[in-house]
């Protein structure tokens, strides 16, 4: 999905409005109606990072394309402030000046023939095994420099609570997806 610059601006405004409203600030913009291209169904992730050192402060997403993109971004933006990994250090209104916002728009999931069949720097991965599932955006590989095997091992151990080599199990199913990244921009 290639978004126009107008659509990207609209998505950022939708996300900012939802976040500011959730933080109960007076700066919550009321976005205009979204461009028609944002009515297409798509999954997305919304990520918050500290501007000064790029430390993650929240990342929530939805893989399924069951909502119009503008609505998926709005709902996901509201949810990112409740990322359970950051309940002891949540983003507050006082943090706004030091937060960057990034939106990752997802293509539909594509099944891979094997767990190692993905483009390390370009594909997001979603692994399912034993009733558990985990996902990494392609930004993770770019930022960490991990190999395919390391990425899969960390996905199993950190996101799925499985042994690091669980991805080698014959029942493991890998899905890939491509992304379009909007941002990062100051919140």
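Couple of notes before you dig in:
- Of the strands (runs of 3 or more DSSP E) lying entirely inside the range 98-153, those containing at least 2 residues that are more than 23 Å from residue 48 (Cβ to Cβ), touching a helix residue (DSSP H, G or I) at 6+ places or on another chain (Cβ under 8 Å) and outside the structural domain of residue 55 (by TED's automatic domain parsing) are 124-129.
- Yes/no for residue 72 being more than 29 Å from residue 23 (Cα to Cα), assigned to a helix (DSSP H, G or I) and touching a residue at least 12 places away in the same chain (Cβ under 8 Å): no
- If you check 185, 180, 158 for being within 18 Å of the chain's Cα centre (by Cα), touching a residue at least 24 places away in the same chain (Cβ under 8 Å) and in a helix (DSSP H, G or I), only one passes: 158.
- Filter result for residue 102 (under 13 Å from the mean Cα position of the chain (by Cα), touching a residue at least 40 places away in the same chain (Cβ under 8 Å) and either over 16 Å from residue 182 (Cβ atoms) or surrounded by 19 or more Cβ atoms within 10 Å (Cβ to Cβ) (or both)): yes
- Exactly one residue out of 52, 27 is in a loop (DSSP other than H, G, I, E, B), at pLDDT 90 or above and in contact with a helix residue (DSSP H, G or I) (Cβ under 8 Å, 6 or more places away or on another chain), and it is 52.
- The residues listed here are 9, 80; of these, the one that is buried (at least 17 other Cβ atoms within 10 Å of the Cβ) and modelled with pLDDT of 90 or more is 80.
- Options 162, 137, 127: the member that is touching a strand residue (DSSP E or B) at 6+ places or on another chain (Cβ under 6 Å) and at pLDDT 95 or above: 127
- Looking only at the range 145-187, residues that are surrounded by 15 or more Cβ atoms within 10 Å (Cβ to Cβ) and on the phi > 0 side of the Ramachandran plot come to 1 in all.
- Within the range 78-97, the set of residues being more than 21 Å from residue 159 (Cα to Cα) and part of a helix (DSSP H, G or I) comprises 78, 93, 94, 95, 96, 97.
The values are calculated or read from the model by the stated rules, or taken from the named source; none is laboratory data. Predicted, not measured: the structure shown is a model, and the values here were computed from it. Heads up, the Cβs are rebuilt from the backbone with ideal geometry, glycines too, and the neighbour counts pull from every protein chain shown.
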